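Undergrad: Before I ask anything, let me first share the structure, which is written out below as structure tokens.
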Amino acid sequence: MSFNTFGHMFRVTTFGESHGVAIGCVVDGCPPNLRFSIEEVQAALDRRRPGQSRFTTQRREPDEVKVLSGTLPHPEGGLVTTGTPIALLIENVDQRSKDYNDIAGAYRPGHADFTYDIKYGIRDHRGGGRSSARETATRVAAGAIAAKVLPGVTVRGAVVRIGEIEIDRSRWDWNEVGNNPFFCPDPDTVPLWEAYLDGIRKAGSSVGAVVEVVAENVPPGLGAPLYGKLDGDLAAALMGINAAKGVEIGEGFNAARLTGEANADEMRLGNEGKPQFLANHAGGLLGGISTGAPIVARFALKPTSSILTPRRTVDRTGEETEIFTKGRHDPCVGIRAVPVGEAMVWCVLADHLLRHRGQVGESVHWPFQH
Ligand SMILES: C=C(O[C@@H]1CC(C(=O)O)=C[C@@H](OP(=O)(O)O)[C@H]1O)C(=O)O
């Protein structure tokens, strides 16, 4: 059995394998009368698309999206949602499955090959099947629709670490993120990553990364404690991205090193008489509920497990052997995970906004009324 749907009110079901005919998703529960354009969905997909620099896979996929259902043409242009399931389809056009013939019967160390085999007794070895990063394109398409549920909200991501090299946060500039092939917010780190990743790439190796996603202008009050906490759902969504191995919110694991004083986000009354936080160690979430401060989430991605260096492994017949992977692989799959992380955050926020609307009475109960 497998599970391919996430969300409660805003639900996304994805399908497809890296080397199958197509990948896609069905977005169900999207409210009616939201306007969007195919170009907007395509623009989101284009940020994740493979083959755009020497630092990502050289597989050539146009990732051209088709909207099959759930919309009507809007009289003033673009599309409008009808409240019925929105099916989005992306064809696979550049599969090279023979690259995987040699590893069909053995397990890439660090890859899901082994667990898919022990769970299902059968696996699509071509490009990793459904455990491939290719599946993440469908999430990006869904995220572009989810964004329409949240007007006024901004969700932006950046790579903050590649392997041993971390950015200098004092130089963080969101405008730089689109100016380099790494989604890097620190211009001075770009040449360091270039040289570092060229070395990794030429060695046929790979390296991990950390991606940070920041959501601003998120309405306070989203999240459904105790088992529908917003941070819990964000963590599950980000951890559900193929290759993700860790998630943290706000200070995250660093909170364990702080004192209560250092971690306290002190409060004052803001301009409109509403409470305002003087810091954001909490990453915009307290008790699993959004505070209105920016939501800050980070997730770590492992190094791509398909590498050219031979590794010791076992095969399906129970023999010990060695394995290396041909094919066109990302030296750092974390780079293209930025739009994917953003999309997952959009989907979770859309889901929680719709869930919050189910609450009777005032949507937020401000403690102070001036
Ligand atoms: C095609 C994409 O990424 C792929 C992710 C991937 C993997 O094993 O994760 C392996 C490579 O593909 P192939 O199976 O053809 O060797 C990447 O190109 C994509 O993200 O669109």
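Undergrad: Dividing the alpha-carbon Rg of the chain by 2.2 N^0.38 Å yields what?
TA: The value comes to 1.03.
Undergrad: Ignoring ligands, DNA and RNA, what accessible area per residue does segment 214-349 give at 1.4 Å, in Å²?
TA: Numbers: 6600 Å² over 136 residues.
Computed with neighbouring chains in place, this is 49 Å² per residue.
Undergrad: Here is a further query. Net charge near I165: determine it from the other residues with C-beta under 14 Å of the C-beta of I165, scoring Lys and Arg +1 and Asp and Glu -1. Let's see the in-between values first.
TA: Working: positive: R161, R169, R171; negative: E164, E166, D168, D186, D188, E194, D198.
Net local charge, I165 excluded: -4.
Undergrad: To the nearest 10 degrees, how steep is helix 38-48 against the longest Cα principal axis of the chain, on a 0 to 90 scale?
TA: 60
Undergrad: When the chain is treated as a GNM, springs tying every alpha-carbon pair under 10 Å, which of A106, A203, A297 comes out with the largest mean-square fluctuation?
TA: Looking only at A106, A203, A297, the largest GNM fluctuation is found for A203.
Undergrad: Another question about this same structure. Given the protein chains as shown and a 1.4 Å probe, how many square angstrom of D188 are accessible, to the nearest 10?
TA: Ignoring ligands and nucleic acids, D188 comes out at about 80 Å².
Undergrad: Shifting gears a bit: Which peptide among 204-216, 132-144 comes first, and what is the full order, when sorted by highest mean count of other Cβ atoms within 10 Å? List each step's numbers first, then the result.
TA: Details: 204-216: 21.2, 132-144: 26.0.
My ranking of the peptides, most packed first, is 132-144, 204-216.
Undergrad: When N is the residue count of segment 151-260, what does its C-alpha Rg come to as a fraction of 2.2 N^0.38 Å?
TA: Working: Rg = 16.3 Å, N = 110, 2.2 N^0.38 = 13.1 Å.
This ratio for segment 151-260 stands at 1.24.
Undergrad: To continue, here is another question. Where in segment 250-285 are there GluC sites (Glu not before Pro) that are in a DSSP coil and have at most 10 other Cβ atoms within 10 angstrom of their Cβ?
TA: Taking segment 250-285 and a limit of 10 other Cβ atoms within 10 Å, the loop GluC sites (Glu not before Pro) found are E266, E272.
Undergrad: OK, next. Which translational diffusion coefficient, to the nearest whole µm²/s, is obtained for segment 280-336 from the Stokes-Einstein equation, given a Kirkwood hydrodynamic radius over C-alpha pairs, 20 °C and 1.002 mPa s?
TA: The Stokes-Einstein estimate is 141 µm²/s.
Undergrad: Continuing with the same structure: What are the trypsin sites (Lys or Arg not before Pro) within segment 1-69 that DSSP puts in a loop, where the Cβ has at most 14 other Cβ atoms within 10 Å?
TA: Sparse-neighbourhood loop trypsin sites (Lys or Arg not before Pro): R54, R60.
Undergrad: As a test question: what accessible area, to the nearest 10 Å², does F6 have when a 1.4 Å probe is rolled over all protein chains in place?
TA: 50
Undergrad: Within a Cβ distance under 11 Å of P187, other residues only, what is the Lys/Arg minus Asp/Glu net charge?
TA: -4
Undergrad: Whole angstrom only: what separates the Cα centroid of segment 235-307 from the Cα centroid of segment 117-183?
TA: Centre-to-centre (Cα) distance: 18 Å.
Undergrad: Out of the trypsin sites (Lys or Arg not before Pro) in segment 70-132, which ones are loop residues according to DSSP with at most 16 other C-beta atoms within 10 Å?
TA: Here the sparse-neighbourhood loop sites are R96.
Undergrad: When Lys and Arg each count +1 and Asp and Glu each count -1, what net charge do the other residues less than 14 Å away from G29, Cβ to Cβ, add up to?
TA: So the environment of G29 carries a net charge of +2.
Undergrad: Let me ask another. With a 10 Å cut-off between alpha carbons and a GNM built on the chain, which of G287, G24, G16 moves the most?
TA: Maximum fluctuation in the GNM of the chain, among the listed residues, is at G287.
Undergrad: Can you give me the Kirkwood hydrodynamic radius for segment 87-185, using every pair of distinct Cα atoms, in Å to one decimal?
TA: Working: mean 1/r = 0.0580 Å⁻¹.
Result for segment 87-185 stands at 17.2 Å.
Undergrad: Further question: Which value in Å is the Kirkwood Rh of segment 226-370 over different Cα pairs?
TA: The Cα-based Kirkwood calculation yields 18.6 Å.
The values are calculated or read from the model by the stated rules, or taken from the named source; none is laboratory data. A quick note: this is a predicted structure, and the numbers were derived from the prediction, not measured. Note that each Cβ is placed from the backbone with ideal geometry, even for glycine, and that neighbours are counted across all protein chains shown. Each accessible area value is taken on the protein alone, full model and side chains, heavy atoms only, with ligands, DNA and RNA left out. Shrake-Rupley method; radii C 1.70, N 1.55, O 1.52, S 1.80 Å.
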